[in-house]
Amino acid sequence: MPGRMAEAEVLPAAASPPQGRVGHWKQRLAALRGQLRQEFSSRRSPRELLRRQAAAVDRQLMELWASHGMPRNVALAAVGGYGRGELFPCSDVDLLILLASPADAPLARKIEELIGTLWDIGIEVGHSVRTLDECAALAAADITVQTTLLEARLLAGKRALFARFVKRMRDTLDPAAFMQAKLLEQQQRHLRYAETTLEPNIKESAGGLRDLQTILWIARAAGIGKGWSELARRGVITKAEAREISQHEQLLQSLRIRLHYCAGRREDRLLFDFQTALAREFGLHDRPHRLASEQLMQRYHRTAKAVVQLNAIVLQNLDARVNPAHDKECRPINERFGARDELLEARDERLFERRPGAILECFLLLQQHHELKGMSAATLRALWRARRLINPAFRRNPANRGRFLQLLKSPSHVERALRRMNENGVLGRYLPAFGGIVGQMQHDLYHVHTVDEHILRVIRNLRRFSIPELAHEFPLCSRLMSDFARPEILYLAALFHDIAKGRGGDHSQLGAVDARRFCREHGLARDDGELTAWLVENHLVMSATAQKQDIADPAVVQAFAARIGDERHLAALHLLTVADIRGTSPRVWNAWKAKLLEDLFWATHRLFSGGVPTLVRSLQARQEEARAKLRLYAVPEDAEKKLWAQLDDSYFLRHEPQEIAWHARLLYYRVQAPDPVVKARLSPAGEGLQVMIYVPDQKELFARICSFFERISYDIFEAKIYTTRDGYALDSFQVQDPDNRRPQYRDVIGLIEHDLAERLLHKTPLPPLAKPRLSRQLRHFPISPEVSIQPDEKGTSWVLSLIAGDRPGLLSRIARVLTAYDVNLSTAKINTLGARAEDVFIVSGEALRNPKTVVRLESDLVEQLRT
């Protein structure tokens, strides 16, 4: 209920304060805040700081109230977080000016002057002016208002009016309805902040301060208690739980306080801008394989995970008090567990202590009984206490190993079971290597989840492939999954594929060692264990081949097939690769990557099915298919010959039949066109545009094209550069709006076709290179550029590989350097992973035959990638 009243009413003064007093108050308040900040730096007690901040503002408000001569029948109350006596350094001061009746003009002016003075002296106010009836009406209509008023505390003014307000709020409060509304509000808030793990909100994200405040709001509304010690005395939580909650709360409070000081404003998001500075304040330093900021974020995420679990336990206990169970009877499931109110319940509170194997059994039962929504509060609490019993002896127990494998072999709810185990601290104890990556952030600029969350999302993606109703999402993956025997191998591979992140060394190889050991200890068949370990070790191979090599080259496909070995390995790797990429970030996966992976899959599948792709056979097949497509468009017989006479074998190998037909259909009657031909269409891959450019070759052509697409803010993710025998450039680009505003693609086709052709016709000079605008993430976690130039296996071309932070103008910079060295580009594969660019170019030129020139070229590229 609203808090206790002040000791006495504050009598009004005769006049408003002079300007000199305002300056004095401002200086005094600033000095006190500075003193509190300095003391916090040495004492490091967040609760003391929050209490003293609130007390300092209390004194100032009371003095101001008196100096402004406020009427006797008005009350000033602190509400919200300030009402409970806590004030963070840069938080708003929430006030309620309570009136007996609507304000007349003189009172309205006095209130306006008071609020103006508060702002003048440096108190940022969030205020409301309401009568008693208005408070009651708004509280009944809006759960946020009701919650704010719940913690009201009288500061000054009419005690009797405030007492009536307290009684009115108490009489209109329905604890059961309030709890239901707060639970719904929490659920919606968790969903709203679900994708903010890189820069979580300390206050609002799941496991943040708001989750702890929600518990206390509900307890206060139900008249059960106002603090953790009081809840412990009332039996809602244990003393140990109260201490644990208090420790987690202090860490979150300390983080938020330091964040406010670091930002110099109210800021509740752990932005990249502040993570490194905050880590230093917590005494953390960079380690060989872990940044200080990553250590800080792991500490935060582990705290948030514990808060989420404790929140669930305490809220279930409160629910049992506020809404007594309708189902008094516990229906037995077996001799150890029963069901009550759709919740799993241990029939003996000490079950897990007496029979630790029941820890895994409870997750199995939840997986098997879909009607159960979770565990009872008593069972959750017992499980939380018993998780420490998962020790080496527990992990060696054959029965426990069998239960864990049974979880993975279940036909449904595999990811849900593993997620519940992770939330309850069980998964990381059963698999200590997994425990090491719980809450671990990856500041690699494209993973947006902690490592444990990423792994669980990969498993979820694999599970979705097995659901017939979702087969339309990824038809090939769904087909492969339905035919894949023993899919638990895939789940195990997903579980271990990133488990060695942060240890140093190659995480794929280290994870394979862990996976092989697990499979051996858990009695998997030798072939299944080897496949699991192989998948972990090679989980990046398929994406690297598809996105960085020319998969139209039969030699590339043959080398990939030799590494894969057989169709079962191919199917498993394709499934894991798609699930893995989709589990990193919504921005990393796109239709073009899906097409590259499927093309590589089918090319390799044909090899395993007995089709040996010779160069001649592959060329003939592509040309015949292209001719068939041309006939569908009523292109005259043999009309394509004039164009094809100017194309060599490399063109037909690097372009798909539908693309060859498209080029021929557009160019067969203008092979010697004097002016540029630019045509665009919706990409056959399903996202973005495919743009064809046919123009007499010209210097700086690639740089000119890149600068055009940068000007219209389109991303290039593949470029095929080809020069015909008679000196024409026949280039093909895959481009995409980074925001994927699909309806605009048709509108922009005309713009591209006209404006780009004009630029190429007039050979528009390249614009000067501007200083690139870096993303906040790249600014705080920069990538050191890496450049490598190596001859290909045939010795006719060179492979230029680079890694750098992605930014506008990156391709233009690369193109200008290549032009300066007279290096010719034939293929560009642009692979953007969040803010990280991993691009591969196939290049040629006399300069590349001189090792000293190659070194200078690499140095110049690195210099451009740094700027």
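The values are calculated or read from the model by the stated rules, or taken from the named source; none is laboratory data. In this text the structure is predicted, and so the values were computed from the model without any measurement. Because the Cβ atoms are built from the backbone with ideal geometry, glycine has one as well, and the counts that use them run over all protein chains shown. Ligands, DNA and RNA are excluded from the accessible area calculation, which covers all protein heavy atoms including side chains. Shrake-Rupley method; radii C 1.70, N 1.55, O 1.52, S 1.80 Å.
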Confirm whether Ala312 is over 12 Å from Ser376 (Cβ atoms) and touching a residue at least 60 places away in the same chain (Cβ under 8 Å). no
Report, by residue number, each residue of segment 111-143 that is touching a residue at least 60 places away in the same chain (Cβ under 8 Å), out of contact with any strand residue (DSSP E or B) (no Cβ under 7 Å at 6 or more places or on another chain) and either buried (at least 18 other Cβ atoms within 10 Å of the Cβ) or basic (Lys, Arg) (or both). Thr117, Ile121
Selection status of Asn824, in contact with a Gly (Cβ under 8 Å, 6 or more places away or on another chain), at pLDDT 85 or above, among the polar types (S, T, N, Q) and surrounded by fewer than 20 Cβ atoms within 10 Å (Cβ to Cβ): yes
Run Ile564 past the list (1) open to solvent by less than 10 Å² (accessible area, probe 1.4 Å); (2) touching a Pro at 6+ places or on another chain (Cβ under 8 Å) and report the number of the one that doesn't hold. (2)
It is to be established whether one or more residues within segment 438-450 are in contact (Cβ under 8 Å) with a residue 12 or more places away in the chain, touching an Asp or Glu at 6+ places or on another chain (Cβ under 7 Å) and in a helix (DSSP H, G or I). no
Whichever residue in segment 268-283 is assigned to a loop (DSSP other than H, G, I, E, B) and either at pLDDT below 90 or under 24 Å from the mean Cα position of the chain (by Cα) (or both) and, among such residues, is surrounded by the most Cβ atoms within 10 Å (Cβ to Cβ): Leu270
I want to confirm something. Restricting to segment 384-395 and keeping residues that are in contact (Cβ under 8 Å) with a residue 24 or more places away in the chain and assigned to a helix (DSSP H, G or I), which single residue is surrounded by the fewest Cβ atoms within 10 Å (Cβ to Cβ)? Arg388
In segment 182-233, residues that are of a type in the set (Gly, Ala, Ser), open to solvent by less than 30 Å² (accessible area, probe 1.4 Å) and either part of a helix (DSSP H, G or I) or touching a residue at least 60 places away in the same chain (Cβ under 8 Å) (or both) total 6
Looking at Ala66, Ala13, which one is over 15 Å from Val125 (Cβ atoms), in contact with a Ser or Thr (Cβ under 6 Å, 6 or more places away or on another chain) and either part of a helix (DSSP H, G or I) or modelled with pLDDT under 90 (or both)? Ala13
When segment 234-266 is examined, which residues are found to be crowded, with 18+ Cβ neighbours inside 10 Å and charged (D, E, K, R)? Glu241, Glu249, Arg256, Arg258
Just give me the residues in segment 565-596 being part of a loop (DSSP other than H, G, I, E, B) and either at positive phi or out of contact with any Leu (no Cβ under 6 Å at 6 or more places or on another chain) (or both), in sequence order. Gly565, Asp566, Gly583, Thr584, Ser585, Pro586, Arg587, Trp589, Asn590
Could you list all residues from segment 302-329 that are buried (at least 17 other Cβ atoms within 10 Å of the Cβ) and more than 23 Å from Met179 (Cβ to Cβ)? Arg302, Thr303, Lys305
Regarding segment 542-551, can at least one residue be identified that is open to solvent by 10 Å² or more (accessible area, probe 1.4 Å), assigned to a helix (DSSP H, G or I) and out of contact with any helix residue (DSSP H, G or I) (no Cβ under 8 Å at 6 or more places or on another chain)? yes
Quick one: which residue in Ile499, Ile489 is closer than 17 Å to Phe404 by Cβ and in contact with a Phe, Trp or Tyr (Cβ under 8 Å, 6 or more places away or on another chain)? Ile499
Residues that are open to solvent by 10 Å² or more (accessible area, probe 1.4 Å), within 12 Å of Phe363 (Cα to Cα) and of a type in the set (Gly, Ala, Ser), drawn from segment 409-428: Ser410
It is to be established whether one or more residues within segment 626-648 are surrounded by 19 or more Cβ atoms within 10 Å (Cβ to Cβ) and under 24 Å from Lys593 (Cβ atoms). no
Search result, residues across segment 238-273 that are in contact with an Asp or Glu (Cβ under 8 Å, 6 or more places away or on another chain) and aromatic (Phe, Trp, Tyr): Phe272
Assuming Ile499 fulfils every condition listed in (1) in contact with a Lys or Arg (Cβ under 9 Å, 6 or more places away or on another chain); (2) in a loop (DSSP other than H, G, I, E, B); (3) in contact (Cβ under 8 Å) with a residue 60 or more places away in the chain apart from one, which condition is it? (1)
For Ile660, state whether it is open to solvent by less than 10 Å² (accessible area, probe 1.4 Å), touching a Lys or Arg at 6+ places or on another chain (Cβ under 7 Å) and part of a helix (DSSP H, G or I). yes
When you check Leu216 against the structure, is it out of contact with any Pro (no Cβ under 6 Å at 6 or more places or on another chain) and farther than 15 Å from Asn317 by Cα, yes or no? no
Scan segment 70-110 for residues that are in contact with a strand residue (DSSP E or B) (Cβ under 8 Å, 6 or more places away or on another chain), open to solvent by less than 50 Å² (accessible area, probe 1.4 Å), more than 23 Å from Gln27 (Cα to Cα) and not small (Gly, Ala, Ser) and jot them down. Met70, Val74, Leu76, Val79, Leu96, Ile97, Leu98, Leu99, Leu107
Would you be able to tell me the number of residues in segment 337-357 that are within 19 Å of Ala417 (Cα to Cα) and either among the hydrophobic types (A, V, I, L, M, F, W, C) or surrounded by 14 or more Cβ atoms within 10 Å (Cβ to Cβ) (or both)? 10
Candidates Leu407, Leu476, filtered to the one that is free of Cβ contacts under 8 Å to residues at least 60 places away in the same chain and out of contact with any His (no Cβ under 7 Å at 6 or more places or on another chain): Leu407
Kindly indicate which of Ala559, Ala533 is part of a helix (DSSP H, G or I) and free of Cβ contacts under 8 Å to residues at least 12 places away in the same chain. Ala559
Unmet criterion (only one of (1) farther than 23 Å from Leu802 by Cα; (2) of a type in the set (A, V, I, L, M); (3) surrounded by fewer than 21 Cβ atoms within 10 Å (Cβ to Cβ)) for Ile489: (3)
Given the options Pro782, Pro772, name the one that is at pLDDT below 80, open to solvent by 40 Å² or more (accessible area, probe 1.4 Å) and either under 30 Å from Ala279 (Cβ atoms) or in contact with an Asp or Glu (Cβ under 7 Å, 6 or more places away or on another chain) (or both). Pro782
